[in-house]
Each structure stands twice: as structure tokens, then as C-alpha cells.
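What follows is a single structure, written as C-alpha cells, with notes after it.
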Amino acid sequence: MQCVTFDLNLKNKAFSQYINHTFNSMVKFNQEFLYANNYGLFKEYGSIDNATNIASQFELIKTDFGIKNPKRIHAVYLGIDTSVTLTLTITVDDTLTDTYTITPSKTAQQRIRVRINRTLIGRYWSFKISGSAPFSVDSIDVLPVVLSEGNV
């Protein structure tokens, strides 16, 4: 069974989604993460789930941005807090995929612009951010450029 857990940081309103894990809820208490499922309450020790750190992946749902036409995106603007290099993977219409390296300029909350390949064109878009250590995502902003069917 695939579990999906959503985490909301009440201080800065940052929202995270954790997938492919066996817990159904989590809380940070006394600087430690605690997880729960039908079998009880657990504390994180090192990495879990096939040696993937619990906070090392963030994936948004697939979207067409409420626009049926094909579209392209010139850039993605990320509000992130990380001390490690991250990877942004964009998939369009479940067929086109491109990967981008996100290198932080400092170890604090920051806004980073990622230029997107112009060959990525389609209706449905999904975004995944992954890294080798925990990170937080405050915002993901895009401005889709809508194309007419004949201009694709």
C-alpha cells in the first residue's frame, strides 16, 4: 500500500508531501520526527524506506494549470531552504522528462530561478524535487505560456 502524508509547517506555512512510506501521520516533537501507522508510533533513526531519507523527495500532483491547451514554461521559481544541491524533474504528458540541478547560493530560505527547456510542451505537467538531505519548499511559481493547437 502506498501512503501519502502531508506536512504543514505552521510557522512559515510551508507545505510538504511524503510518498511511498508506511506511515500515515507525522509530527516533529523535541527536535525529533515521530511517525504513526496502524501498528504504533515510531521514531526516525537514520534513513528509512530503502535508504531514502524521509524528507528527501517532494512531488506535486499532475496539473494542467486549469488550461486545456498545450503550454510551455520559461522558468520555475522555487522558494526553498536547503544546504545541498537538489534535482528538479519535470514530466510533461507522461512522456517528456527533463532534469535540472538546483544549486543553493546560501544555506537559508532563498528564491531560485530555474530556466526550463523550450522543447517541453504539453498539457499535463508534474514537478518533483529531490535531494540527499532534508529540505523545505515554501513556494513553486510558474507562468505557463499557452499555445494554440496549430503552434505546437
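What follows is calculated from the coordinates using simple rules that are stated; it is not laboratory data. Owing to the predicted nature of the structure, the values given are computational and were not obtained by experimental measurement. All Cβ positions, glycine included, derive from the backbone under ideal geometry; neighbour counts span all protein chains shown.
Rounded to the nearest Hz, the phi-derived 3J(HN,Hα) couplings of region 74-81 under the Karplus curve 6.51 cos²θ - 1.76 cosθ + 1.60 (θ = phi - 60°) are 7, 7, 10, 10, 10, x, 9, 10, where x marks glycine and proline. Modelled label-to-label distance, Asp138 and Val27, 7 Å Cα→beta-carbon offset: nm? That separation, rounded to one decimal, is 2.7 nm.
If R0 is 41 Å, the Cβ-Cβ spacing of Asp94 and Leu34 corresponds to a FRET efficiency of close to 0.70. The HN-Hα couplings worked out from phi for region 89-99 by the Karplus form 6.51 cos²θ - 1.76 cosθ + 1.60 (θ = phi - 60°) are 10, 10, 10, 10, 6, 6, 10, 9, 9, 9, 10 Hz, whole numbers, x standing for Gly and Pro. With 28 Å as the limit on Cα-Cα distance, the pairs of Lys71/Lys106; Lys68/Lys106; Lys28/Lys128; Lys28/Lys71 that go past it are Lys71/Lys106; Lys68/Lys106; Lys28/Lys71.
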